[in-house]
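The values are calculated or read from the model by the stated rules, or taken from the named source; none is laboratory data. All figures in this text were calculated on a predicted structure; none of them were measured in a lab. All Cβ positions, even for glycine, are placed from backbone atoms using ideal geometry, and neighbour counts span all protein chains on display.
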């Protein structure tokens, strides 16, 4: 089975969900850390406050899973209020 990587076209599709690629990368990285924490907790039979991956996937890479969750609309964000 060939490994699928996120290319420029995939990033552009994700930008339709989140308008700024820098915000997209921060959200994906944060969610990937949550997924990794969940995986580690399962591995060592510990409790965790983070939810399991929100999609079914064969991927074991937390960042790939995070991007797929964003692409499927499972992860969103709220812009903070601007300070005056």
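Scan region 48-63 for residues that are surrounded by fewer than 19 Cβ atoms within 10 Å (Cβ to Cβ) and in a helix (DSSP H, G or I) and the total you get is 1. Among the residues that make up region 71-84, is at least one of them part of a loop (DSSP other than H, G, I, E, B) and on the phi > 0 side of the Ramachandran plot? Yes, the conditions are met somewhere in region 71-84.
Report yes if residue 9 is surrounded by fewer than 13 Cβ atoms within 10 Å (Cβ to Cβ), on the phi < 0 side of the Ramachandran plot, in a helix (DSSP H, G or I) and at pLDDT 90 or above, otherwise no. No; evaluated as a whole, the condition is false for this residue.
Would you confirm whether or not region 13-27 contains a residue that is part of a loop (DSSP other than H, G, I, E, B) and either under 12 Å from the mean Cα position of the chain (by Cα) or under 14 Å from residue 67 (Cβ atoms) (or both)? Talk me through it step by step, then tell me what you get.
In the first step, residues of region 13-27 are kept if they are part of a loop (DSSP other than H, G, I, E, B); the result is 18-20.
From what is left, the residues that are either under 12 Å from the mean Cα position of the chain (by Cα) or under 14 Å from residue 67 (Cβ atoms) (or both) are 18.
Yes: region 13-27 contains one or more residues that are part of a loop (DSSP other than H, G, I, E, B) and either under 12 Å from the mean Cα position of the chain (by Cα) or under 14 Å from residue 67 (Cβ atoms) (or both).
Quick grid of which residues meet (1) free of Cβ contacts under 8 Å to residues at least 40 places away in the same chain; (2) closer than 19 Å to residue 27 by Cβ:
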| position | (1), (2) |
| --- | --- |
| 42 | yes, no |
| 49 | yes, yes |
| 54 | yes, yes |
| 57 | yes, yes |
| 64 | no, yes |
| 70 | no, yes |
| 74 | yes, yes |
| 81 | yes, yes |
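Residues in region 20-41 that are at pLDDT below 95 and surrounded by fewer than 15 Cβ atoms within 10 Å (Cβ to Cβ): 20, 21, 22, 23, 26, 40.
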